[in-house]
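A short reminder: the numbers here are calculations on the coordinates, not readings from a lab. Since the model is a prediction, treat every value here as computed from it, not as a measurement. Here the Cβ positions follow ideal geometry from the backbone for every residue, glycine too, while neighbour counts run over all protein chains shown.
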Amino acid sequence: MGKMKNADSAKTREKIISTAAFLITKQGAENTSLSDIARESGISKGTLYYYYPTKSELLFEITSRHMKRLSEDILHWVSNMSADLPPEKILQAVYSLLTRASKRGRLHLYLIYDGISGDEASATRVRTIYQEWKNTVKEGIGQLTSGNPDKDILAELILACLDGVFIQASLGIKDIPIEKMTRHILR
C-alpha cells in the first residue's frame with residue numbers, strides 16, 4: 001500500500017509542477033495564483049497547499065528542476081560534440097540552443113527574480129543552485145579545454161553572459177552577437 005501511495009503522491013506532485021510551469025510560462029509568475037494552478041490541475045487547493053504551502057516554494061521547485069535539467073542537457077551535449085570542433089563553436093551552439101528555448105529563459109529569469117525578491121531563504125536556495133550550476137559549467141570547461149587554470153573565472157563569465165543572453169532573448173532582441181561573445185570569452 002505504501003508504494004501505491006508514494007506513486008500517487010509523485011504523480012500529483014508532477015501534475016502540479018507541469019501545470020504550474022505551463023501557467024507561469026504562459027501568464028507570468030505574478031499573474032498565476034496557487035488557486036489557478038489547483039483549478040487547472042484538477043485538484044483541491046488543500047491538496048496543492050499540502051505539497052507546496054507557498055508559491056515561492058513551488059516556483060523554487062520548478063526552477064530548481066529547470067536548472068538541473070539545463071545542466072544535464074548542456075553536459076550531455078558538450079560530451080557528444082565532435083572533438084574536431086573548437087570550444088568557442090561548442091559554446092556558441094549551447095548559447096544559441098538556450099536562447100531559442102523561451103520557456104527555459106523565462107524560468108531562468110523567474111529563478112533570478114525569486115532570488116532577489118528580498119526573501120533570504122529564497123536567495124540562499126538560488127545561490128546554492130547557481131553554485132551547482134557553476135560547478136557543472138566548470139566540468140564542461142574541463143571537457144572543452146585542457147589545462148585551463150582559470151576555470152572558476154571562466155565559469156563565472158559564462159554564467160554572467162548567459163544571464164544577459166537570457167534577458168536579451170526574453171526581451172525579444174534578435175541580434176545578440178553570440179559568435180563574437182563566445183570567441184572573446186574563450187580567448
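Before moving on, here are some points about what is shown:
- Amide H contacts under 5 Å for Ile43, placed H, 5+ residues apart: none
- Extension gain from Asp152 to Ser56, taking 0.36 nm per residue of separation minus the Cα-Cα distance: 31.6 nm
- For the chain, a crude dipole built from +1 on the beta carbon of Lys and Arg and -1 on the beta carbon of Asp and Glu, taken about the Cα centre, is about 520 debye to the nearest 20.
- In the frame of its principal axes, segment 1-53 has Cα extents of 39, 18, 16 Å, reported largest first.
- Cβ-to-Cβ counts within 10 Å put Ile16, Ile173, Ile141 in ascending order as Ile173, Ile141, Ile16, the fewest first.
- Helical mean residue ellipticity (222 nm; -39500 (n - 2.57) per DSSP H run of 4+; nearest 500) of the chain: -26500 deg cm²/dmol
- For the chain: relative contact order, % (alpha-carbon pairs under 8 angstrom, 6 or more apart): 22
- Ratio Rg/Rh, restricted to the chain and using Cα atoms, in which Rh is the Kirkwood radius: 1.03
- Taking Lys55, Lys45 and counting other C-beta atoms within 10 Å, the order from fewest to most: Lys45, Lys55
- Taking each of Lys26/Lys89; Lys89/Lys174; Lys26/Lys68; Lys55/Lys138; Lys89/Lys134; Lys11/Lys55 in turn, the alpha-carbon distance tops 23 angstrom for Lys26/Lys89; Lys55/Lys138.
- Ranking of Ile129, Ile153 by count of other Cβ atoms within 10 Å, fewest first: Ile153, Ile129
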